[in-house]
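Asker: Here you go, one structure.
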Amino acid sequence: MTAVVSLEPERVLGDLLELDSGLRLERYYGEQSMFYNPAGVAPLGTIFCSIKDHDGPNDKGSHLSRPGVYRFAFALPEHEYERRFGPRPRRPPKGERLELPGHDLTALDMLSPHPVYAWMRWVQILAPTPARFDELRPLLMESLEEIRAKWKRCAR
């Protein structure tokens, strides 16, 4: 059996930075986060995606502290989130993670709801392979288009 090799987090972020010159990489809450911030006019901008490689006090559901495991997370448009996962869950109490029955939040290379931010339509994929990342590209482009549209509405 051949071992599945995930993309390095730096490659994921590097590929995404090439999508738009308005994207900026920042350290944010201990994660590598990418923000849409054309011309750097906002302190951070609108978050597009993030990579996290460790468990946090309120975020242990994905077991990120395993060797070689990281979470790539981003928001899906509402229709796409609901098509894949059903209605969004309610926001959890502060400091708690969501209960997401039927989803293995520790599975590698599988798109699933985010254990903390699914209520905001965020999803995760742990240690994505090159093939899975390529499959995500249309969703990432749709997410970026939604962020650009939001940015334009707010800039008026």
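The values are calculated or read from the model by the stated rules, or taken from the named source; none is laboratory data. Bear in mind the structure is a predicted one, so any value in this text is a computation, not a measurement. Quick reminder, even Gly has a Cβ in these numbers, built from the backbone with ideal geometry, and neighbours come from all protein chains shown.
Asker: Inside the range 71-99, can you point out the residues that are crowded, with 16+ Cβ neighbours inside 10 Å, charged (D, E, K, R) and part of a loop (DSSP other than H, G, I, E, B)?
Answerer: Passing the criteria: Arg88, Arg97.
Asker: Is there any pair linking a residue in the range 69-97 that is over 18 Å from Glu31 (Cβ atoms) and acidic (Asp, Glu) to one that is assigned to a loop (DSSP other than H, G, I, E, B) and modelled with pLDDT of 95 or more, with Cβ under 7 Å and at least six apart or on different chains, and which?
Answerer: Between residues of the range 69-97 that are over 18 Å from Glu31 (Cβ atoms) and acidic (Asp, Glu) and residues that are assigned to a loop (DSSP other than H, G, I, E, B) and modelled with pLDDT of 95 or more, the close pairs are Glu78/Arg121.
Asker: Across the range 58-68, what is the number of residues that are touching a residue at least 24 places away in the same chain (Cβ under 8 Å) and surrounded by fewer than 16 Cβ atoms within 10 Å (Cβ to Cβ)? Walk me through it before giving the result.
Answerer: Let us first name the residues in the range 58-68 that are touching a residue at least 24 places away in the same chain (Cβ under 8 Å), namely 58-64, 68.
Imposing the further condition that a residue be surrounded by fewer than 16 Cβ atoms within 10 Å (Cβ to Cβ) reduces the set to 58, 60, 63, 68.
The total comes to 4.
Asker: Report whether or not Leu105 is under 20 Å from Leu13 (Cβ atoms) and either free of Cβ contacts under 8 Å to residues at least 60 places away in the same chain or not polar (S, T, N, Q) (or both).
Answerer: Details: under 20 Å from Leu13 (Cβ atoms): no; either free of Cβ contacts under 8 Å to residues at least 60 places away in the same chain or not polar (S, T, N, Q) (or both): yes.
No.
Asker: Is there a residue in the range 58-70 that is part of a strand (DSSP E or B), modelled with pLDDT of 95 or more, closer than 20 Å to Leu140 by Cα and under 12 Å from the mean Cα position of the chain (by Cα)? Give the steps one after another, and end with the answer.
Answerer: Looking only at the range 58-70, we keep the residues that are part of a strand (DSSP E or B), and these are 59.
Pick out the ones that are also modelled with pLDDT of 95 or more and you get none.
No - not one qualifying residue is present in the range 58-70.
Asker: Is it true that some residue in the range 30-41 is of a type in the set (Ser, Thr, Tyr), at pLDDT below 95 and either in a loop (DSSP other than H, G, I, E, B) or buried (at least 19 other Cβ atoms within 10 Å of the Cβ) (or both)?
Answerer: no
Asker: Something else now. Taking Arg11 and the conditions (1) out of contact with any strand residue (DSSP E or B) (no Cβ under 9 Å at 6 or more places or on another chain); (2) assigned to a loop (DSSP other than H, G, I, E, B); (3) modelled with pLDDT of 95 or more, which numbered condition does it fall short on, given that it satisfies the others?
Answerer: With (1) out of contact with any strand residue (DSSP E or B) (no Cβ under 9 Å at 6 or more places or on another chain); (2) assigned to a loop (DSSP other than H, G, I, E, B); (3) modelled with pLDDT of 95 or more applied to Arg11, the lone miss is (2).
Asker: Test Ser21 against the stated conditions and say whether it is assigned to a loop (DSSP other than H, G, I, E, B) and either in contact with a Gly (Cβ under 6 Å, 6 or more places away or on another chain) or farther than 19 Å from Glu146 by Cα (or both).
Answerer: Against the criterion (assigned to a loop (DSSP other than H, G, I, E, B) and either in contact with a Gly (Cβ under 6 Å, 6 or more places away or on another chain) or farther than 19 Å from Glu146 by Cα (or both)), Ser21 does not qualify.
Per-residue answers, yes or no, for (1) at pLDDT below 95; (2) of a type in the set (Gly, Ala, Ser); (3) more than 28 Å from Gly40 (Cα to Cα):
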position: Ser112; (1), (2), (3): no, yes, yes
position: Val123; (1), (2), (3): no, no, no
position: Ala127; (1), (2), (3): no, yes, yes
position: Leu144; (1), (2), (3): no, no, no
position: Lys152; (1), (2), (3): yes, no, no
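Asker: Looking at the range 108-122, which of the residues that are in contact (Cβ under 8 Å) with a residue 40 or more places away in the chain and touching a helix residue (DSSP H, G or I) at 6+ places or on another chain (Cβ under 7 Å) is farthest from Glu146 (Cα to Cα)?
Answerer: So, considering only residues that are in contact (Cβ under 8 Å) with a residue 40 or more places away in the chain and touching a helix residue (DSSP H, G or I) at 6+ places or on another chain (Cβ under 7 Å), the one farthest from Glu146 (Cα to Cα) is Asp109.
Asker: Now for a different question. Within the range 4-15, can one find any residue that is touching a residue at least 24 places away in the same chain (Cβ under 8 Å) and of a type in the set (Lys, Arg)?
Answerer: No, every residue in the range 4-15 fails to be touching a residue at least 24 places away in the same chain (Cβ under 8 Å) and of a type in the set (Lys, Arg).
Asker: Across the range 111-131, which residue is surrounded by the fewest Cβ atoms within 10 Å (Cβ to Cβ) among those that are touching a Leu at 6+ places or on another chain (Cβ under 8 Å) and assigned to a helix (DSSP H, G or I)?
Answerer: Looking at the filtered set, the residue picked out is Pro130.
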